[in-house]
Amino acid sequence: SLALAAIAMQMNRSTSSGSASITTLSVTGFNKPEAIGILASDSSLIVADTKNNQIKKIVNETTATVILDTNGVASSPLNSPEGLCVDSSGNIFVNNTDANTIIRIPFGGTAANYAGLNATAGMVNGTVSTTTAMFNGPEGIFCAANGILYIADVGNNQIRRIQSNTVSNIAGSAA
């Protein structure tokens with residue numbers, strides 16, 4: 001959120017120090033931005049705006065648009081998205097914390113629930129689906145270069161992994 005505070009200060013305000021120049025963009029309406037990812041295809045920032053229940057995209061530090069909000073995924077509406085990452089193919093994965101799900105926004109595609117049962121907390125490993133694997137307040141998420149996702153499943157006190165469409169526990173013990 002410190003990085004977004006710098007971005008959200010004032011539109012087109014530039015500061016020079018020697019040869020370095022910093023330009024900031026005024027983006028109003030953020031409410032507890034908690035995670036940032038970078039979309040490699042156009043170097044835009046992807047931001048989890050937690051309290052607004054939105055995922056926003058900032059392009060060229062000049063334009064901010066909402067790419068997903070509470071109406072974006074019928075099977076798992078955004079409910080306190082607290083983590084996100086962008087994989088090497090441009091897919092965005094969002095930890096939908098209070099809904100206990102992970103949403104996938106495929107590059108150029110439509111957002112859908114990826115794993116977890118909406119509004120149902122639990123600790124179940126297994127196949128990635130919306131009815132099998134379960135989470136309890138997933139917050140942090142990391143997209144590894146090899147396609148593996150690592151999830152901080154806070155309510156279960158575990159670090160979980162999604163590899164080859166399978167969810168498993170790699171560290172921690174159940175709450």
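Any residue in segment 151-173 that's farther than 19 Å from Thr131 by Cβ: show its pairings with residues that are open to solvent by 30 Å² or more (accessible area, probe 1.4 Å) and aromatic (Phe, Trp, Tyr) at Cβ separation under 9 Å, as long as the two are six or more apart or on different chains.
Ala152/Phe142; Ile159/Tyr150; Arg161/Tyr150; Ile170/Tyr150
Only one of (1) buried (at least 20 other Cβ atoms within 10 Å of the Cβ); (2) in contact with a Phe, Trp or Tyr (Cβ under 9 Å, 6 or more places away or on another chain); (3) at pLDDT below 90 is not met by Val128, so which one is it?
Exception for Val128: condition (1).
Scan segment 92-109 for residues that are in a loop (DSSP other than H, G, I, E, B) and open to solvent by less than 50 Å² (accessible area, probe 1.4 Å) and report the count.
Result for segment 92-109: 3.
Output the number of the condition that Gly147 fails; it satisfies all remaining conditions of (1) out of contact with any helix residue (DSSP H, G or I) (no Cβ under 9 Å at 6 or more places or on another chain); (2) free of Cβ contacts under 8 Å to residues at least 60 places away in the same chain; (3) exposed (fewer than 15 other Cβ atoms within 10 Å of the Cβ).
Unmet condition: (2).
Please give the strands (runs of 3 or more DSSP E) falling wholly within segment 1-78 in which 2 or more residues are at pLDDT 90 or above, under 26 Å from Gly137 (Cα atoms) and touching a Gly at 6+ places or on another chain (Cβ under 7 Å).
Hits in segment 1-78: 33-39, 44-49.
Tell me, yes or no, whether segment 61-71 has at least one residue that is over 19 Å from Gly172 (Cα atoms), aliphatic (A, V, I, L, M), open to solvent by 60 Å² or more (accessible area, probe 1.4 Å) and in contact with an Asp or Glu (Cβ under 9 Å, 6 or more places away or on another chain).
For segment 61-71, residues over 19 Å from Gly172 (Cα atoms), aliphatic (A, V, I, L, M), open to solvent by 60 Å² or more (accessible area, probe 1.4 Å) and in contact with an Asp or Glu (Cβ under 9 Å, 6 or more places away or on another chain): present.
Taking Ala112, is it more than 24 Å from Lys32 (Cβ to Cβ), surrounded by 18 or more Cβ atoms within 10 Å (Cβ to Cβ) and without any contact (Cβ under 8 Å) to a residue 40 or more places away in the chain? Don't jump to the end; show me each part of the working.
Values: more than 24 Å from Lys32 (Cβ to Cβ): yes; surrounded by 18 or more Cβ atoms within 10 Å (Cβ to Cβ): no; without any contact (Cβ under 8 Å) to a residue 40 or more places away in the chain: yes.
When the stated conditions are applied, Ala112 does not pass them.
Which residue pairs have Cβ atoms closer than 8 Å, lie 6 or more positions apart in sequence or on different chains, and pair a first residue in segment 56-71 that is under 17 Å from Asn96 (Cβ atoms) with a second residue that is of a type in the set (Ser, Thr, Tyr)?
Filtered contacts from segment 56-71: Lys56/Thr65.
For Gly155, state whether it is touching a Gly at 6+ places or on another chain (Cβ under 6 Å) and either under 18 Å from Val73 (Cβ atoms) or part of a strand (DSSP E or B) (or both).
Considered against the rule, which asks whether it is touching a Gly at 6+ places or on another chain (Cβ under 6 Å) and either under 18 Å from Val73 (Cβ atoms) or part of a strand (DSSP E or B) (or both), Gly155 comes out as no.
From the list Asn146, Asn118, Asn157, which one is more than 23 Å from Ser44 (Cβ to Cβ) and at pLDDT 95 or above? Before you say what the answer is, go through the steps one by one.
On the way: Asn146 fails: at pLDDT 95 or above; Asn118 fails: at pLDDT 95 or above.
Exactly one of Asn146, Asn118, Asn157 is more than 23 Å from Ser44 (Cβ to Cβ) and at pLDDT 95 or above, namely Asn157.
The values are calculated or read from the model by the stated rules, or taken from the named source; none is laboratory data. These figures come from a predicted structure and were not determined experimentally. Positions of Cβ are backbone-derived with ideal geometry, glycine not excepted, and every protein chain shown enters the neighbour counts. Remember, those area values only see protein heavy atoms, side chains included, never the ligands or the DNA or RNA. Shrake-Rupley method; radii C 1.70, N 1.55, O 1.52, S 1.80 Å.
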